[in-house]
Amino acid sequence: MVSSPSEAPSIVLHGLAGSAGLAYASVHVVDTRRPAVVHRRVQPEQEDEELDRYDLAVASAARGLLEVAERVRSSPARVEASILEAYVLMVKDETLRQRVAALVRDERMGVEWALERAIDAMASALAGAGDSYLAERSHDLRFVGERLQRALSGRPRGAMASLTGEPVIIVAHDLSPAETAGFTRERVAALVTEVGTRTSHTAILARALHIPAVVGVADVLAHVAEGDRILVDGLRGRVVVRPDTELLADAGARAERHEALERGRRAGRGRSPTTRCGRSVALRANLELPSEAREAAEVGAQGVGLYRTEFLYVDRVEAPSEQEQYETYRGVLESFHPHPVTLRTFDLGSDKASPAFGAAPEANPALGVRGVRLALARPELLLAQLRAILRAAVHGTARIMIPMVATLGEVAQVKALVELAAGELRERREPFPEAVPLGVMIEVPSAALLADALAREAEFFSIGTNDLVQYTLGVDRASAALARLGSYWDPAVLRLVRGVVAAAGARRRPLALCGAMASDPLSAVLLVGMGVCDLSMEPSALPHVAEALSRVTLAEAEEVARAIEGATESREVEQILRARLESRLGDLLEG
Ligand code: PEP
Ligand code: MG
């Protein structure tokens with residue numbers, strides 16, 4: 001990292017850590033402003049002509065996207081080609097066409113105007129649903145609208161200047177997946193966008209390409225101009241304009257540590273994770289999209305501890321068919337065979353909604369019809385998913401996991417549906433394995449407290465600390481303002497975890513943990529010390545956790561677990577963990 005700071009004071013802009021890594025380079029601003037749309041009225045006899053133009057634009061935009069998808073498939077971001085294919089489906093969406101046609105016919109709007117109005121209405125409805133996932137999809141819809149507007153205007157997409165010479169930091173209001181997918185580390189040192197979250201496609205792509213990124217930096221364009229040298233810190237989620245010498249030196253040191261870890265991660269591939277004394281620990285991946293399987297396998301994940309299958313349903317007007325699900329699950333199972341893949345039945349509702357379920361709005365969605373409650377309310381959809389999972393299970397080692405279990409009765413009902421699904425497959429003469437383990441997520445306090453009883457019904461447990469923290473402490477997990485309060489180090493949460501460990505141990509039920517707690521190196525040591533030796537996390541965290549565990553013995557981890565027993569506040573737990581482990585794990589804690 002070359003240091004050439006200027007005299008003016010530094011400005012630190014905060015965003016979200018979209019993709020790990022640091023970079024210091026010159027800014028290249030990408031103009032992604034929406035093209036101006038002409039508002040003109042048309043005559044009734046022009047209606048067909050307008051819609052023909054729309055259909056031509058759809059064909060052209062779809063062709064363009066498919067071409068990029070084709071290019072992406074042979075690039076390092078190939079795993080994300082499916083995102084572009086999803087855009088093709090959105091471009092061709094029949095509902096969108098019907099809305100445009102209605103506006104042309106009834107309001108006499110020119111097709112560009114009608115398209116603008118239709119996209120605005122649909123995107124605002126998604127954005128206003130008070131749901132971060134849907135808000136993200138509204139973003140995708142606007143991108144699709146913009147591709148169509150450009151196709152209608154006959155203007156090429158060329159927002160990107162051709163990049164030659166020194167790698168640059170791309171700064172934009174927003175970047176389309178198509179643009180991001182075309183970047184390489186040789187030409188692009190980092191990305192910064194004003195919008196987006198960690199789960200936005202730009203961030204997902206940046207991670208796949210290993211390009212550092214900070215997203216959601218409001219107003220970054222007001223602070224930087226073409227050619228400015230800025231520091232992008234994709235580990236801490238911030239951007240520094242005119243960094244001073246000290247900041248650059250610190251960033252340089254952290255960048256080196258991050259690179260060393262990355263090298264170590266590549267070198268350590270295939271090594272089974274163990275503690276320093278050789279106690280093996282299972283480290284598995286959490287997957288949202290099947291395309292993440294490749295990275296998970298690359299970092300040595302021993303299978304999938306949590307496959308969030310609901311991401312197949314979100315955004316869909318109709319639930320995915322049994323056959324589509326079968327093929328998707330089969331692909332994931334095959335890529336991890338013989339390691340297990342834990343398929344969580346769809347956990348929809350609350351922050352993950354699907355139009356396919358047409359659920360009524362609720363005052364408190366997090367406490368409403370979500371997870372297994374929604375699945376039991378729509379047994380036909382759960383049955384289709386269970387049939388797909390059972391069929392796919394022939395191709396690997398599958399486990400079925402039920403989300404948001406609060407009572408024993410729910411497990412019994414799902415069990416009965418698994419039996420029913422198996423019976424239907426037998427009638428259809430479809431092959432499936434006789435024994436697919438059925439387990440539950442422990443993420444509601446009642447499930448944790450009843451773990452001993454649940455252990456009679458469920459064949460395995462996985463603790464979901466994200467929701468367990470939310471429901472134990474009454475803290476909305478999406479609230480940035482309450483983030484400090486909602487800590488997985490809270491003694492109440494840890495006490496529940498201990499109870500589950502004891503209940504699972506007494507009944508010899510396999511126990512895992514798949515909340516974000518598992519991806520934190522300090523917590524991973526604590527959990528192993530508490531007896532949780534099967535951890536599932538986002539693939540990028542796995543090398544750090546493996547490295548952390550390799551530096552402590554089981555006896556030391558157990559000693560740490562004992563040391564926090566008397567703590568009464570999360571802050572105290574944190575202090576004890578840091579005092580005991582920071583000297584050995586400090587370099588793993590923030591790159
Ligand atoms: C959890 O709640 O900890 C969990 C892993 O499930 P999700 O984050 O998908 O709600
Ligand atoms: Mg959960």
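The values are calculated or read from the model by the stated rules, or taken from the named source; none is laboratory data. Predicted model, so just to flag it, every value in this text is computed and none were measured. Glycine gets a Cβ as well: all are built from the backbone with ideal geometry, and neighbour counts include every protein chain shown.
Can we say Leu420 is buried (at least 17 other Cβ atoms within 10 Å of the Cβ) and at negative phi?
No, not satisfied.
Looking only at residues in region 396-412 that are part of a helix (DSSP H, G or I) and crowded, with 17+ Cβ neighbours inside 10 Å, which one is farthest from ligand 2 (Cβ to nearest atom)?
If we take residues in region 396-412 being part of a helix (DSSP H, G or I) and crowded, with 17+ Cβ neighbours inside 10 Å, then Leu408 is farthest from ligand 2 (Cβ to nearest atom).
Taking the options Leu468, Leu496, name whichever one is over 25 Å from the mean Cα position of the chain (by Cα), assigned to a helix (DSSP H, G or I) and within 13 Å of ligand 1 (Cβ to nearest atom).
Just one listed residue meets the conditions, Leu496.
Under the condition of being surrounded by fewer than 16 Cβ atoms within 10 Å (Cβ to Cβ), in contact (Cβ under 8 Å) with a residue 12 or more places away in the chain and of a type in the set (A, V, I, L, M, F, W, C), which residue from region 430-453 is nearest to ligand 2 (Cβ to nearest atom)?
Among residues in region 430-453 that are surrounded by fewer than 16 Cβ atoms within 10 Å (Cβ to Cβ), in contact (Cβ under 8 Å) with a residue 12 or more places away in the chain and of a type in the set (A, V, I, L, M, F, W, C), the one nearest to ligand 2 (Cβ to nearest atom) is Leu449.
So Ala360 fits all but one of (1) farther than 22 Å from Leu511 by Cβ; (2) assigned to a helix (DSSP H, G or I); (3) more than 16 Å from ligand 2 (Cβ to nearest atom); what number is the exception?
Ala360 satisfies all of (1) farther than 22 Å from Leu511 by Cβ; (2) assigned to a helix (DSSP H, G or I); (3) more than 16 Å from ligand 2 (Cβ to nearest atom) except (2).
Report yes if Glu427 is buried (at least 17 other Cβ atoms within 10 Å of the Cβ) and away from ligand 1 (no atom under 15 Å from the Cβ), otherwise no.
no
List every residue pair whose Cβ atoms lie under 6 Å apart, where the two residues are 6 or more positions apart in sequence or sit on different chains, the first residue falls within region 564-591 and is among the hydrophobic types (A, V, I, L, M, F, W, C), and the second residue, located anywhere, is not in a helix (DSSP H, G or I).
From residues that are among the hydrophobic types (A, V, I, L, M, F, W, C), the pairs are Val573/Trp489; Val573/Ile564; Val573/Ala567; Ile576/Ile564.
Identify, from the list Val241, Val232, Val215, Val224, the residue that is modelled with pLDDT of 95 or more and touching a strand residue (DSSP E or B) at 6+ places or on another chain (Cβ under 7 Å).
Within the list Val241, Val232, Val215, Val224, the selection yields Val232.
Enumerate the pairs (first residue in region 388-413 and within 17 Å of Leu468 (Cβ to Cβ) and in contact (Cβ under 8 Å) with a residue 24 or more places away in the chain; second residue anywhere and away from ligand 1 (no atom under 16 Å from the Cβ) and β-branched (Val, Ile, Thr)) with beta-carbon separation below 8 Å, excluding pairs fewer than 6 apart on the same chain, so at least 6 apart or on different chains.
What qualifies is Ile402/Val411; Ile402/Val414; Val405/Val411.
Conditions (1) modelled with pLDDT of 75 or more; (2) over 23 Å from Arg41 (Cα atoms); (3) part of a loop (DSSP other than H, G, I, E, B); (4) of a type in the set (Phe, Trp, Tyr), marked per residue:
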| position | (1), (2), (3), (4) |
| --- | --- |
| Leu126 | yes, yes, no, no |
| Leu134 | no, yes, no, no |
| Phe143 | yes, yes, no, yes |
| Arg147 | yes, no, no, no |
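Residues in region 267-293 that are among the charged types (D, E, K, R) and modelled with pLDDT under 85: how many?
Looking only at that region, the number is 4.
If the Cβ limit is 8 Å and pairs must be 6+ apart or interchain, which residue in region 88-106 that is in the same structural domain as Arg63 (by TED's automatic domain parsing) and in a helix (DSSP H, G or I) pairs with which residue that is surrounded by fewer than 17 Cβ atoms within 10 Å (Cβ to Cβ) and β-branched (Val, Ile, Thr)?
From region 88-106, the pairs are Thr95/Val317.
Mind checking which helices (runs of 4 or more DSSP H) fall wholly inside region 219-301 and carry at least 3 residues that are closer than 26 Å to Gly529 by Cβ?
The helices (runs of 4 or more DSSP H) meeting that bar are 245-267.
Would a scan of region 455-463 turn up a residue that is of a type in the set (Phe, Trp, Tyr), touching a residue at least 24 places away in the same chain (Cβ under 8 Å), surrounded by 14 or more Cβ atoms within 10 Å (Cβ to Cβ) and over 20 Å from Ala567 (Cβ atoms)?
Yes, some residue in region 455-463 is of a type in the set (Phe, Trp, Tyr), touching a residue at least 24 places away in the same chain (Cβ under 8 Å), surrounded by 14 or more Cβ atoms within 10 Å (Cβ to Cβ) and over 20 Å from Ala567 (Cβ atoms).
Under 23 Å from Ala393 (Cβ atoms) and in a helix (DSSP H, G or I) - does that describe any residue in region 472-489?
Within region 472-489, none of the residues are under 23 Å from Ala393 (Cβ atoms) and in a helix (DSSP H, G or I).
Restricting to region 381-403, and then to whatever is of a type in the set (A, V, I, L, M) and within 16 Å of ligand 1 (Cβ to nearest atom), can you tell me which residue is nearest to Leu425 (Cα to Cα)?
Going through the qualifying residues, I end up with Ile400.
Can you spot a residue in region 538-547 that is free of Cβ contacts under 8 Å to residues at least 60 places away in the same chain and either assigned to a helix (DSSP H, G or I) or aromatic (Phe, Trp, Tyr) (or both)?
yes
Of the residues Arg477, Arg456, Arg484, which single one is within 13 Å of ligand 2 (Cβ to nearest atom) and either of a type in the set (Lys, Arg) or farther than 18 Å from Ser519 by Cβ (or both)?
Only one candidate qualifies: Arg477.
For region 488-513, how many residues meet the condition of being under 25 Å from Ser350 (Cα atoms) and either touching a His at 6+ places or on another chain (Cβ under 8 Å) or surrounded by fewer than 20 Cβ atoms within 10 Å (Cβ to Cβ) (or both)?
Looking only at that region, the number is 1.
Considering (1) outside any helix (DSSP H, G or I); (2) farther than 15 Å from Leu527 by Cα; (3) within 14 Å of ligand 1 (Cβ to nearest atom), say which one Ser462 fails and leave the rest.
Every condition holds for Ser462 apart from (2).
Inside region 500-527, can you point out the residues that are of a type in the set (Ser, Thr, Tyr) and touching a strand residue (DSSP E or B) at 6+ places or on another chain (Cβ under 6 Å)?
Ser519
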